[in-house]
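J.: Supplied in structure tokens, the structure appears directly below.
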Amino acid sequence: MKRTILYFTIGILFGITMIKSEAASWFRIYEMFQFKSFHMYGIIGAAVVLGVVITQLIKRNKLRSFFGTEIQIAPKPKLIKASLYGGIIFGLGWALTGACPGPIYVLIGAGYLPLFVVFVFALLGTYCYGLLKPRLPH
Amino acid sequence: MAATKFTLYLAKITMDLILAPWPWYIGGPTIAVVLFLLLFSEKRFGMSTNLKTMCSMAGAGKKIPFFAGDWKANRWGLLVALGAAAGGFIAATYMTNGSVGLIHPDVVNELSQMGISGAGHQFMPPELFGVEALTEPKTLILLALGGFLIGFGTRYAGGCTSGHAISGLSDLQWPSLVAVIGFFVGGLLMNHLILPYIL
């Protein structure tokens with residue numbers, strides 16, 4: 001129960017951040033790909049710089065979680081082709097809808113109902129990837 | 001007297017933080033806080049995995065090995081997604097004074113020429129995300145196509161903006177850098193070469 005509340009609360013903070021920082025705004029994503037504003041680069045850049053500090057502090061000092069266990073950070077699988085091809089495909093969808101998988105939920109909650117169409121077809125896309133996985137280059 | 005001024009100043013900052021759009025130097029660090037909280041809760045920041053979890057929940061694992069396994073291990077991610085929707089509702093309903101951040105005037109002009117309004121006045125373009133979009137077949141096709149590309153691409157790449165760009169880059173992972181370069185290659189292609197013709 002405690003954990004349920006914890007994860008839900010982290011989600012609320014994430015959702016508020018996506019709206020208040022406008023990272024979930026279609027206009028902001030359009031502007032970013034036009035290189036006409038620093039806003040999105042500032043958001044992602046600041047998050048990554050602080051993220052590197054947090055992650056390195058955890059790894060070097062073997063920090064423990066809120067539950068007392070040692071924090072494990074599994075490396076990403078070294079699938080360079082899949083990262084690149086998949087990344088390009090996602091980038092096309094990101095620039096078209098202005099939404100990443102996180103903001104899809106945030107925007108539905110904020111009342112932008114057409115995002116529900118994006119969500120349903122994102123499920124279908126994920127399903128099709130699972131279906132085609134054995135035949136795709138990784 | 002000075003103390004009163006300081007109190008008023010603090011009150012103004014607090015109200016701005018609640019009601020006005022956040023600058024990048026508030027938004028970026030708050031995302032890092034989310035990453036921090038998830039790492040210290042024994043989890044990783046990654047939102048696209050939820051799409052796979054929901055496919056598994058619906059029984060896709062019976063026929064496709066990719067979706068097999070216990071989806072309940074990823075229940076936490078669904079809770080984060082549910083919270084994200086709640087956060088979106090809270091921010092859009094109670095934490096706004098109706099203003100949005102400035103959008104570059106070139107972008108505003110360019111978009112209005114393409115028939116997209118609302119830049120710099122509204123959070124989202126009504127042509128794409130207003131209720132009227134639900135009865136416009138062309139818009140529905142674009143949203144469906146976009147959604148499909150997001151779902152297919154993130155799972156193929158093994159992550160999205162949170163999993164690769166934030167978590168992965170923070171952990172200095174090479175595959176994540178490659179994926180982020182991919183995000184931008186795809187995004188620039190869509191934004192500059194495809195969107196002008198399909199919007």
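The values are calculated or read from the model by the stated rules, or taken from the named source; none is laboratory data. The shown structure was predicted, so the numbers you read here are calculated from the model rather than taken from an experiment. Please note: Cβ atoms are built from the backbone with ideal geometry, for glycine as well, and neighbour counts cover all protein chains shown. To get the accessible areas, we keep the full protein, side chains included, count just its heavy atoms, and leave off ligands, DNA and RNA. Shrake-Rupley method; radii C 1.70, N 1.55, O 1.52, S 1.80 Å.
J.: Could you work out [θ]222 nm for the protein assembly as shown from helices alone, using -39500 (n - 2.57) per DSSP H run of at least four and dividing by all its residues? Round to the nearest 500 deg cm²/dmol.
T.: Mean residue ellipticity at 222 nm (helix-derived): -20000 deg cm²/dmol.
J.: Taking Rh as the Kirkwood radius computed over C-alpha pairs, what is the Stokes-Einstein D of the stretch B:68-163 at 37 °C in a medium of viscosity 0.692 mPa s, expressed in µm² per second?
T.: Calculated translational D: 198 µm²/s.
J.: Per-residue Cβ counts within 10 Å, from other chains only, averaged over B:6-13: what number is that?
T.: 0
J.: Hey, if you put +1 on the Cβ of every Lys and Arg and -1 on every Asp and Glu Cβ in chain B, which of B:Q113, B:L193, B:W24 ends up farthest toward the positive end of that dipole?
T.: Sorting the options by dipole projection puts first B:W24.
J.: Using a probe of 1.4 angstrom, how much of the accessible area of chain B is carbon and sulfur, in percent?
T.: Using a 1.4 Å probe with all protein chains present, chain B comes out at 70 percent carbon and sulfur.
J.: Three principal axis extents, largest first, for the C-alpha atoms of the stretch A:47-135, in Å?
T.: 44, 38, 25 Å, listed from the longest principal axis down.
J.: When the Debye formula is applied to the Cα atoms of the stretch B:137-199, each taken as the same point scatterer, what base-10 log of I(q)/I(0) results at q = 0.24 Å⁻¹?
T.: -0.99
J.: Setting aside same-chain residues fewer than 8 positions from A:K2, which aspartates and glutamates have a Cα under 17 Å from its Cα?
T.: Reachable aspartates and glutamates: B:E42.
J.: Ignoring ligands, DNA and RNA, how much accessible area is buried between chains B and A, both sides summed, with a 1.4 Å probe, to the nearest 100 Å²?
T.: That pair of chains buries around 10400 Å² in total.
J.: Still on this structure: Determine, from the Cβ-Cβ distance of A:K59 and B:I13 and an R0 of 51 Å, the FRET efficiency 1/(1 + (r/R0)^6), rounded to the nearest 0.05.
T.: 0.90
J.: Given N residues in the stretch A:90-138, what is Rg(Cα) / (2.2 N^0.38 Å)?
T.: Dividing the Cα Rg of the stretch A:90-138 by 2.2 N^0.38 Å gives 1.29.
J.: With the alpha-carbon atoms as the only input, what is the per residue convex hull volume for the stretch B:113-163 in Å³?
T.: Looking at the stretch B:113-163, the number lands at 110 Å³ per residue.
J.: On the Cα set of the protein assembly as shown, report Rg and Dmax in Å, please.
T.: Over the protein assembly as shown's Cα set, Rg and Dmax evaluate to 19.5, 73 Å.
J.: With a 1.4 Å probe and every protein chain left in place, work out the accessible area per residue of the protein assembly as shown in Å², rounded to a whole number.
T.: Counting only protein heavy atoms, the per-residue value for the protein assembly as shown is 45 Å².
J.: Once neighbouring chains are kept in place and the probe is 1.4 Å, which whole percent of the accessible area of the stretch A:9-93 is contributed by carbon and sulfur?
T.: C and S atoms contribute 68 percent here.
J.: I would also like to ask the following. Within a 10 angstrom radius of each residue's Cβ in B:136-146, how many Cβ atoms of other chains show up on average? Whole number is fine.
T.: Mean number of neighbouring Cβ atoms from other chains: 5.
J.: Step through the residues of the stretch B:37-46 one at a time and calculate ³J(HN,Hα) from phi using the Karplus curve (6.51 cos²θ - 1.76 cosθ + 1.60, θ = phi - 60°), rounding each to whole Hz and writing x for Gly and Pro.
T.: 4, 5, 4, 7, 9, 6, 10, 10, 7, x
J.: To continue, here is another question. Of all alpha-carbon pairs in chain B, indicate the percentage at a distance above 21 angstrom.
T.: The proportion of pairs with Cα distances above 21 Å equals 68 percent.
J.: Additional query: Check chain B and count each lysine pair with an alpha-carbon distance under 19 angstrom, considering only pairs eight or more places apart or from different chains.
T.: Value for chain B: 7.
J.: OK, next. Can you order the peptides A:79-90, B:88-99 by their average number of other Cβ atoms within 10 Å per residue, highest first?
T.: Packing order, densest peptide first, comes out as A:79-90, B:88-99.
J.: Evaluate E = 1/(1 + (r/R0)^6) for A:L113 and B:F6, where r is the Cβ-Cβ distance and R0 equals 45 Å; express this FRET efficiency to the nearest 0.05.
T.: 0.50
J.: While we're here: Please check the stretch B:117-131 for residues whose accessible area, probe 1.4 Å, is lower by 40 Å² or more when all protein chains are in place than in their chain alone.
T.: B:F123, B:M124, B:F129
J.: Grab the eigenvalues of the alpha-carbon gyration tensor for the stretch A:19-92, scale each by 5, take roots, and send me the semi-axes largest first in whole angstrom.
T.: Output for the stretch A:19-92: semi-axes of 30, 19, 11 Å.
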